[in-house]
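Worksheet for the structure shown next.
Values quoted throughout were computed directly from the atomic coordinates according to the rules given, and no laboratory measurement underlies them. No experiment lies behind these values; they were computed from the predicted model shown. Because the Cβ atoms are built from the backbone with ideal geometry, glycine has one as well, and the counts that use them run over all protein chains shown.
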Amino acid sequence: MNPPATAAHVVPDQEIPAYVTNEKLRQWVAEVAQLTQPDRIYWCDGSQQEYDRLCNEMVASGMLIRLNQEKRPNSYLARSDPDDVARMEDRTFVCSRNKEDAGPNNNWVAPEEMKATLGRLFTGCMRGRTMYVIPYSMGPLGSHIAHIGVEITDSPYVVASMRIMTRIGRKVLDVLGPDGYFVPCLHSVGMPLAPGQKDVVWPSNKEHKYIVHFPEEKSIWSFGSGYGGNALLGKKCFALRIASIMAKEQGWLAEHMLILGIQPPGGRKHYIAAAFPSACGKTNLAMLIPPPALKGWKVTTIGEDIAWIKPGKDGRLYAINPEAGAFGVAPGTSEATNANCLAALKSNTIFTNVALTPDGDVWWEGLTQTPPRELTDWQGKPWTPDSGRPAAHANARFTVAASQLPSLDPDWENPGGVPISAFLFGGRRTTTVPLVVEASDWTHGVYLAATMASETTAAIVGKVGVVRRDPFAMLPFCGYHFGDYFRHWLNIGRSLEQPPRIFGVNWFRRDGNGKFLWPGFGENMRVLKWIIERCEGRAGAVQTPIGSMPRYEDLEWRGLDSVDRETFSKLTAVDAGLWRDELKDHAELFDKLKSRLPSEMVRQREELERAL
Ligand code: OXD
Ligand code: MN
């Protein structure tokens, strides 16, 4: 696959600048250069000039298309290879020394065997390319909740995206210092160039793709894909899979959660962290605009995908958003569904796999009710509304800095984090699961989160619309055995003086004709209001076998006619038959995890069965 080997590749020492004082980092970069044999090494400084220069180079190479500078200043469109459009869960591995530690929730290969495979693939894999070194911080620089990673990549698209998604460059090296700790993250698109060989617009490796995590070493190796979570290694690979392992070892939480601030009229502000599987409207919820009837309520955004949460001295949990930008799903984003997000995308954005308008702007399904008469689709082909195929890929994305968001919370970079009042867990469920339910205590909440499920979406490669158990929305992201993860959550709860309350939500329930029963989007504020009032001990509820739920009169209905009492009772119905089936599914999940499943989970299930 690789071009013929040249004489042993030598990395001149001057390619590692003197300002890099961290000996481990110097050594690792030299080793990787020996292995991958790039034409040159480039250390990213994180400046705007560097970003602009890289984008110009990508425009020249065809990897980026510059959008209309008046309509979408400083913004670009990338079109990926049609085989490289989403996270690949079947190519993602956790290679712990002991197979059992990875759990049935991860693909596992013995570390020596995986290292041998990767060693072969990475040998010479950067020939003809530049090797970029990106020092980055997940979380505000120097925050006690933040951690540092260094990504080596041969993709300038990854560098530009990492600059938006994280804090990168010289300032990170200053915090790292000579002996600071970093997580080494090695990425290659896996397509070396022979001398004179012309590059393709989106290099990737058609044959081999591997996204690999070594828990004991806390290192990441990703080969063959240049897309999203496969390639921007700070996101799912570090901030979730490796960080979840660090969190277990060190007594904190790394979660697939948005964080939002909610302030009642004239009242105290609360923060909520909410876990949803991919493409379940997390970005919309994180940027929610309350409906006019609830105008006095203020909602602000801390993060829209990942939360790092550490116990504070006061016995509460404090969270930061480790990221500095969003890599969000574009289709479905509109003025009606997420006006805050659209405002953020007005400039300085990289779009990937959306459609291009004749005047050099972007479009995707759902952006406007009527599609433009003609477009260039995400693969660069002419498109009209009669084409019979989507113009944007279902997993098309935008990459945008958090600082562009109108709803950004003033404390979003507070190094101490924000105190969490409640956790929400929600999936996409057509039946069975009610609009909202409150767990009776922490252990019940852990059970509720452990047994959540969702219908799959286009954010991952595979079947769409299948219900799968997705505990804590972490199925693709927990770096170790789910049984141990549930136990860790139980332990964290025990250690807290004021544990957050735990709720389950489902915005996606439908009636017998397949019509959504709940309007969702901004109207979700009505449910959030009830949740905050529960946290403050001032909202009513009714006890059901599966937890506490609001009665019709406990929610605010002003300004919402589409949900009458009858619809509300459908939204909150607990069908004992469906729940018995659900419990069978819970038992099946627990059976898979039984070697490490905390006994509390089994007991909760039995109690639920009795209650039903
Ligand atoms: C994401 C995902 O991209 O969860 O955030 O897939
Ligand atoms: Mn996500």
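Identify, among Trp364, Thr430, Gln379, the residue whose Cα sits farthest towards the positive end of the charge dipole of the stretch 319-443, taking +1 on the Cβ of Lys and Arg and -1 on the Cβ of Asp and Glu, with the dipole about the Cα centre. It is Gln379, whose Cα lies furthest towards the positive end. Rg over Rh for the chain works out to 0.96, both radii taken from alpha-carbon positions and Rh defined as the Kirkwood radius.
You can think of it this way: the chain between Asp411 and Asn513 has 32.3 nm of extra reach, that is 0.36 nm per residue less the Cα-Cα gap.
Label-to-label distance for Tyr19 and His144 is 3.0 nm, based on points extended 7 Å past Cα in the beta-carbon direction. What the Cβ-Cβ distance of Leu560 and Ala194 gives, at R0 = 56 Å and to the nearest 0.05, is a FRET efficiency of 0.35. Separation of the alpha carbons by more than 19 angstrom is noted, of Lys171/Lys236; Lys269/Lys295; Lys206/Lys235; Lys71/Lys346; Lys171/Lys282, for Lys171/Lys236; Lys206/Lys235; Lys171/Lys282. Per-residue Cβ neighbour counts within 10 Å put Met138, Met474, Met162 in the sequence Met474, Met138, Met162, beginning with the fewest.
Among Ile546, Ile168, which comes first, then next, by fewest other beta-carbon atoms within 10 Å?
Values: Ile546 22, Ile168 26.
Result, fewest neighbours first: Ile546, Ile168.
Under the combined filter of DSSP loop state and at most 16 neighbouring Cβ atoms within 10 Å, the stretch 67-175 retains these GluC sites (Glu not before Pro): Glu70. Charging the Cβ of each Asp and Glu at -1 and of each Lys and Arg at +1, and nothing else, the dipole of the chain about its Cα centre rounds to 360 debye. Each Cα pair under 8 Å and six or more residues apart adds its sequence gap; the mean of these over the residue count of the stretch 157-294 is a relative contact order of 16 percent. Among Lys235, Lys248, Lys115, Lys381, sorting on how many other beta-carbon atoms sit within 10 Å of each Cβ, with the fewest leading, yields Lys381, Lys115, Lys248, Lys235.
Restricting to the chain, what percent of DSSP beta bridges are antiparallel, rounded to 5?
Working: 61 of 92 bridges.
Roughly 65 percent of the beta bridges in the chain run antiparallel, per DSSP.
Grab the beta carbon distance between Ala611 and Asp90, set R0 = 41 Å, and tell me the FRET efficiency rounded to 0.05.
0.60
Once you mark the chymotrypsin sites (Phe, Trp or Tyr not before Pro) that are in a DSSP loop and have at most 15 other Cβ atoms within 10 Å, what is the longest gap between them in the chain?
On the way: sites that count: Tyr19, Tyr181, Trp557.
So the longest stretch without any such site is 182-556.
So what's the gap between the Cα centers of the stretch 533-612 and the stretch 473-488, to the nearest angstrom? When both Cα centres are located, 22 Å separates them.
Between the beta carbons of Lys584 and Glu31, assuming R0 = 60 Å, the FRET efficiency works out to 0.75 to the nearest 0.05.
Rounded to the nearest 500, what is the chain's calculated 222 nm mean residue ellipticity when only DSSP H runs of at least 4 contribute -39500 (n - 2.57) each, over all residues? Before the final figure, lay out the partial values.
Working: 16 runs with 160 residues, N = 612.
Result for the chain, helices only: -7500 deg cm²/dmol.
Over the stretch 246-399, what is the mean sequence separation of C-alpha contacts under 8 Å (at least six apart), divided by residue count, expressed as relative contact order in percent? Relative contact order for the stretch 246-399 comes out at 20 percent. Distance between the C-alpha centers of the stretch 128-166 and the stretch 173-215? Whole Å please. A separation of 11 Å, based on Cα centres.
Holding the Cα-Cα limit at 18 Å, pick out from Lys99/Lys218; Lys209/Lys592; Lys298/Lys529 the pairs that are longer than that. Numbers along the way, then the final one.
Values: Lys99/Lys218 16 Å; Lys209/Lys592 27 Å; Lys298/Lys529 11 Å.
Table pairs above 18 Å Cα-Cα are Lys209/Lys592.
Between Ala336 and Lys99, the modelled label-to-label distance comes to 5.2 nm, taking each label 7 Å out from Cα in the direction of the beta carbon.
Solvent-free Debye calculation, one equal scatterer per alpha-carbon of the stretch 264-408: log10 I(q)/I(0) at 0.10, 0.18, 0.20, 0.21 Å⁻¹ equals -0.42, -1.07, -1.23, -1.31. With K and R counted +1 and D and E -1, the other residues having a Cβ less than 14 Å from that of Gly537 yield a net charge of 0.
What is the ratio of the Cα radius of gyration of the stretch 168-279 to 2.2 N^0.38 Å, with N the residue count, to two decimals? Before the final figure, lay out the partial values.
Working: Rg = 19.0 Å, N = 112, 2.2 N^0.38 = 13.2 Å.
Taking N as the residue count of the stretch 168-279, the ratio is 1.44.
Restricting to the stretch 174-229, compute how many DSSP beta bridges are antiparallel as a %, nearest 5. Write out the running numbers ahead of the final one.
On the way: 5 of 9 bridges.
Beta bridges within the stretch 174-229, antiparallel portion: roughly 55 percent.
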